[in-house]
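Participant: Below is a structure I'd like to ask you about.
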Amino acid sequence: MNIANLAKNYKDYVIDLRREFHMYPEISWEEVRTSKRVKEELDKMGIPYVSMAGTGVVATIEGKEKGKTVALRADMDALQVTEANDVEYKSKNEGVMHACGHDGHTSMLLGAAKILNDVKDDLEGTVKLFFQPAEELAQGAAKMIEEGCMDGVDGVFGIHLWSDLEYGKISVEAGPRMASADMFKIIVKGLGGHGSLPHQGIDAVVAGSAIVMDLQSVVSREISPLQSAVVSVGVFNSGTRFNVISSSAVLEGTTRCFDPEIRGRFPKVIERIAKNSANSYRAEAQLEYTYGTPPTINTEGASKLATTVVEKLYGTDAVGMMEKVTGGEDFAMYLEKAPGVIAFVGIRNEAKECDYPHHHERFNMDEDALEKGSALYAQYAIDFLNE
Ligand code: NI
């Protein structure tokens with residue numbers, strides 16, 4: 001059976017679905033219509049499924065012979081972005097847009113379901129299809145795992161369509177591929193007073209500013225220059241009036257890195273700097289650190305297998321190399337439970353105006369890549385089970 005050819009048969013099916021999902025985008029945890037449509041398509045194929053994590057769906061394709069279990073994952077949620085593309089399948093849901101390509105992921109996985117269903121008599125094992133909610137909040141995977149989606153799963157495989165990668169290229173390199181993404185909040189307590197008499201108060205604006213500046217030393221002074229990390233403060237709220245000493249400040253930010261050891265150090269380092277910087281201005285600071293998603297680290301063996309899969313489908317030229325990215329991806333959580341790979345499938349094509357970054361209001365994809373994604377999902381599953 002030639003999976004690339006089978007995928008070609010479903011090319012229009014997958015593109016039509018992608019455009020439909022694109023027209024009706026839904027934000028995290030509200031993927032109601034999308035989830036219903038996924039189930040309808042699975043029903044038509046006669047593939048059994050269960051609901052999981054609210055709007056999530058886990059479908060199962062059993063091969064004729066018993067064997068290993070591999071899970072293929074797609075995410076379904078969209079973003080609060082107002083679409084600026086002038087296309088016939090433009091978002092009909094005002095203020096919400098599939099600006100990250102998850103519409104493509106969901107439809108490619110349905111394409112793979114068709115392919116795998118066609119060849120299931122030759123499958124040696126079980127394929128699980130994860131249609132996951134709430135990736136953009138880094139909450140969906142955690143909830144799916146909590147409800148047992150990874151029970152008995154021997155390997156996982158995910159795809160992210162990628163706008164920095166040229167159409168035709170597929171990157172499945174081993175090692176860290178996407179960063180951890182955590183959130184922190186620092187609450188600074190000072191003492192209010194008159195702006196003309198600062199010595200009588202404790203200025204939370206000054207203490208908060210010092211914290212923002214001192215946090216810049218986390219990456220530059222505490223982490224090896226051979227490692228990469230990010231500490232960014234995105235929110236600084238303080239004060240009520242120009243001539244009132246502010247009594248409190250709230251800072252919010254994010255951390256990124258590719259190494260679980262560094263990630264583990266962030267809370268202590270940030271807390272130490274926040275408290276000590278605040279203290280030097282007589283203020284107090286408190287840290288709330290919220291773990292989002294760990295770094296996404298592709299397993300060596302799974303990456304090797306995925307490389308042979310890409311070569312088998314589309315030749316050695318299709319294997320693309322790509323620098324790792326500082327965005328987060330909750331696929332990382334499945335990788336903590338079983339070996340696997342996230343593949344980046346290139347969708348960049350300037351001739352088709354598909355060269356805007358993810359989350360941009362004009363993000364779009366070269367839809368010819370969708371067929372390749374379906375084939376990749378299916379072939380990986382088949383070869384993983386045969387290994
Ligand atoms: Ni995404």
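The values are calculated or read from the model by the stated rules, or taken from the named source; none is laboratory data. This is a predicted model, so every value here is computed, not measured. Neighbour counts are summed over all protein chains in view; Cβ atoms, including those assigned to glycine, are modelled from backbone coordinates with ideal geometry. Surface areas here come from the heavy atoms of the whole protein model, side chains and all, with no ligands, DNA or RNA. Shrake-Rupley method; radii C 1.70, N 1.55, O 1.52, S 1.80 Å.
Participant: Would you mind telling me the share, in percent, of accessible area of the chain contributed by carbon and sulfur at probe 1.4 angstrom?
Facilitator: Carbon-and-sulfur percentage of accessible area, whole number: 49.
Participant: Let me ask something else. Lys352 to Tyr289: FRET efficiency via 1/(1 + (r/R0)^6), r the Cβ-Cβ distance, R0 56 Å, to the nearest 0.05? Don't skip to the answer; put the middle values down first.
Facilitator: Values: r = 42 Å, r/R0 = 0.76.
Efficiency, from the Cβ-Cβ distance: 0.85.
Participant: Sticking with this structure for a sec: Highest GNM mean-square fluctuation, the chain, Cα pairs closer than 10 Å: which of Met213, Met76, Met23?
Facilitator: Met213
Participant: Quick one: plug the Kirkwood hydrodynamic radius of the stretch 32-134 (C-alpha pairs) into Stokes-Einstein at 20 °C, 1.002 mPa s, and report D in µm²/s. If you can, show how the numbers build up before the last one.
Facilitator: On the way: Rh = 14.6 Å.
For the chosen part, D equals 147 µm²/s.
Participant: Sticking with this one: Pop the C-beta distance of Val87 and Arg282 into the FRET formula with R0 = 51 Å and round what comes out to the nearest 0.05.
Facilitator: Values: r = 57 Å, r/R0 = 1.12.
Result of the calculation: an efficiency of 0.35.
Participant: Check cross-link reach from Lys324 to the aspartates and glutamates: straight Cα distance under 12 Å, and skip same-chain residues fewer than eight apart.
Facilitator: The reachable aspartates and glutamates, counting only those whose Cα sits under 12 Å from Lys324, are Asp164, Glu173.
Participant: Further, regarding this structure: Hey, with R₀ at 25 Å, roughly what FRET efficiency would Lys36 and Lys64 work out to, going by the Cβ-Cβ distance, to 0.05?
Facilitator: Numbers: r = 31 Å, r/R0 = 1.22.
Once rounded, the FRET efficiency stands at 0.25.
Participant: In nm, to one decimal, how far is the Asn243 label point from the Arg19 one, both placed 7 Å along Cα→Cβ?
Facilitator: Modelled inter-label distance: 6.4 nm.
Participant: Suppose we flag trypsin sites (Lys or Arg not before Pro) only when DSSP calls them loop and at most 14 other Cβ atoms lie within 10 Å. Which is the longest uninterrupted stretch of the chain? It would help to have the intermediate numbers written out before the result.
Facilitator: Values: sites that count: Lys64, Lys90, Lys92, Arg241, Arg282.
Value returned for the longest uninterrupted segment is 93-240.
Participant: If you roll a 1.4 Å probe over the heavy atoms of the protein chains, what accessible area per residue do you get for the chain, in Å²? Walk me through the numbers on the way to the answer.
Facilitator: Numbers: 16400 Å² over 387 residues.
The answer is 42 Å² per residue.
Participant: Same structure, new question: Quick one: if you stick a label point 7 Å off each Cα along the C-beta vector at His360 and Ser217, how many nm between them?
Facilitator: In this crude spin-label approximation the distance works out to 3.8 nm.
Participant: For the residue pair Gln227 and Gln80, what label-to-label distance in nm results when each label sits 7 Å from Cα along the Cα-to-beta-carbon direction?
Facilitator: Reported label-point gap for Gln227 and Gln80 is 3.3 nm.
Participant: Taking the alpha-carbon set of the chain, what are its Rg and Dmax in Å?
Facilitator: 23.5, 82
Participant: Mind scanning Lys44/Lys352; Lys64/Lys169; Lys169/Lys304 and naming the pairs with a C-alpha gap bigger than 27 Å? It would help to have the intermediate numbers written out before the result.
Facilitator: Working: Lys44/Lys352 33 Å; Lys64/Lys169 33 Å; Lys169/Lys304 16 Å.
Check vs 27 Å cut-off fails for Lys44/Lys352; Lys64/Lys169.
Participant: Once the Cα atoms of helix 32-45 and of the chain are each reduced to a long axis, what angle between those two axes, in degrees from 0 to 90 to the nearest 10, is obtained?
Facilitator: Between the helix axis and the principal axis of the chain, the angle is about 20 degrees.
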